[in-house]
Amino acid sequence: MREYSLDVPAPERIGIDVIGVPEDQGIHIAMKLESVTEGILVTAHVTTIAEGECIRCLEPMDMPIFRNFQELYRYAPEKAHTKAQRRAAEVHDDVDEDDELMVDGETIDLSAPVRDAIVLALPINPLCELDCPGLCPRCGVKWTLLDPDHRHTVTDPRWAGLSDLLEADPDEEP
Ligand SMILES: [Zn+2]
Ligand SMILES: [Zn+2]
């Protein structure tokens, strides 16, 4: 068993529209590698900071990300295997070959599970505060900045032209 600690920059933005880890953001991966019969078992803890905006008040926000994952990297199947043996192994594994992680010589590629761990840790609806009151739907100002009794007088649309005249700046040329 070996333990490693890695600090790597995000190779590209990882995330969804509203929130994600920006390119070059530091990602810390603390992991334990164990040698098992079928390959190498990786148990890792991923930490980084996602950036996005609150879906209610649109304020930019940072969000710490913590996520664990465990993945088995298999040793490449031996070439001596007969077709029948390989087929038996495939049926037995019942794993999509594309999803299967393999040990490549002396290397394991952590990018897919690290990316998945980050995406799974992201909230679909990020909020700056759980009870963020959002924006006034009429003037778009944050409720936290407005009077508690803030409201807009609703004008009959047929009179809207008149109220524009009333609110016009008197110093302005007509
Ligand atoms: Zn908010
Ligand atoms: Zn308002």
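Bear in mind that the values in this text are calculations on the coordinates, not laboratory data. Note that the structure is a prediction, hence the values are computed from the model and not measured. Because the Cβ atoms are built from the backbone with ideal geometry, glycine has one as well, and the counts that use them run over all protein chains shown.
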Ranked list, fewest to most other Cβ atoms within 10 Å of each Cβ, for Asp149, Asp7: Asp149, Asp7
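How do Glu12, Glu51 line up, fewest other C-beta atoms within 10 Å first?
Numbers: Glu12 11, Glu51 16.
Fewest-to-most ranking of Glu12, Glu51: Glu12, Glu51.
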Residue order, fewest to most beta carbons within 10 Å, for Ile16, Ile40: Ile16, Ile40
